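The values are calculated or read from the model by the stated rules, or taken from the named source; none is laboratory data. Quick caveat: nothing in here was measured; it's all calculated off a predicted structure. In this analysis, Cβ positions are derived from the backbone assuming ideal geometry, glycine residues included, and neighbour counts consider all displayed protein chains.
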Amino acid sequence: MADKDLRAEIQALRREIAELRAERAPPDNPQAGARTAQFSFGSGAADLTEQFHALADEISTFIDDPEQGIADHPLASVLGAFVVGMLVGRILNR
């Protein structure tokens, strides 16, 4: 359920970025384009967008992998969570 929500949110963010890019597209007037060129991000925006897409893909993979591991090994997952909880409890009590 949370996976679907996150994927929908990522898709919505991608659409918003595409809309913002369309709004920032240089006008047909060459003089106006020259004036606004100093405020454009240039290739940095493309790099940032690529990094954003890579991050979104990594988040999706990060979310999918633990869910599958827990589904495949539920007993080991519960025991592992118990052990981690005991260790954190002991550390915090000191």
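So GLU67 passes all but one of these: (1) closer than 26 Å to ILE17 by Cβ; (2) touching a residue at least 12 places away in the same chain (Cβ under 8 Å). Which condition number does it fail?
The number of the failed condition is (1).
Among the residues of the stretch 20-38, is there at least one that is at pLDDT 85 or above and among the β-branched types (Val, Ile, Thr)? Step through it out loud before you land on a result.
Step one: filter the stretch 20-38 for residues at pLDDT 85 or above, giving none.
Checking the stretch 20-38: not a single residue is at pLDDT 85 or above and among the β-branched types (Val, Ile, Thr).
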